[in-house]
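The structure under discussion appears below in the form of structure tokens.
Read-outs: derived from the displayed coordinates by stated rules, not from any lab. Quick caveat, the model's predicted, so the values are computed rather than measured. So basically every Cβ, Gly included, is an ideal-geometry build from the backbone, and we count neighbours across all protein chains shown.
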Amino acid sequence: MPDHAQCCQSVAASTQAHAWAIIQLQPLFRSLGHDVRVQTAVTVSRGQQRGDMQLKGHLKHNGVERDLVFDLFVTHERWGASKEPSKNGHFCYPDDLNRPLREAARKTVLQYQSTHASNHSITLMPAISSTAGRLDAEFLRLLFWHAHREGEEILRLTGQLEQPNQDSVFSKRTAFSNSVKSNVGHIWRRPVRCA
């Protein structure tokens, strides 16, 4: 199944849309004070490849800070122009809607795995979305973790984190998480509509 840049009628438009999506994600990850690098500022791997976004010191492993680098990729979950017009617009895998996301994530990991294996200060993660705005599980976990940390920070600043009613805290944190997921879904969905 081709990726969006390969099958889009306007490759320049899809490249610009990809860059636009990266720029839109920057403020989201900067909200907790992280140093966020994008595109050409991302650390180059041994194989001279670079991901799309780098969060400096985002992870800690054995007390040592590690950077998180992720590569953003949009995949199709429906058939586009094909030799069989009856397939156009139908799901590629109707019994497993997450399969295109998993396949794109596996492809991204294989592409970067050998070049980032020797760099112990960087963790690579694929950030995969479908053209319908569905998000890969790993990227979704990152967004949940970010929303959790940001929600706790806001609740701490407003004095609500120490409330005796923890259900209120959990529901506010859940609402914040859903808002982050929704915003990211809209960011991903918008650029894939090409002229």
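Cβ-Cβ distance of Arg106 and Trp20, R₀ of 22 Å, FRET efficiency by 1/(1 + (r/R0)^6): the value works out to about 0.25. FRET efficiency for the Val64 to Phe144 pair, using the beta carbon distance and R₀ = 25 Å, is estimated at 0.60.
For the peptides 26-37, 141-152, the ranking by mean Cβ contacts within 10 Å, running from highest to lowest, is 141-152, 26-37.
Take the Cα of Thr43, step 7 Å toward its Cβ, do the same at Ser168, and the gap between the two points is 4.3 nm.
If R0 is 30 Å, the Cβ-Cβ spacing of Arg156 and Asn183 corresponds to a FRET efficiency of close to 0.85.
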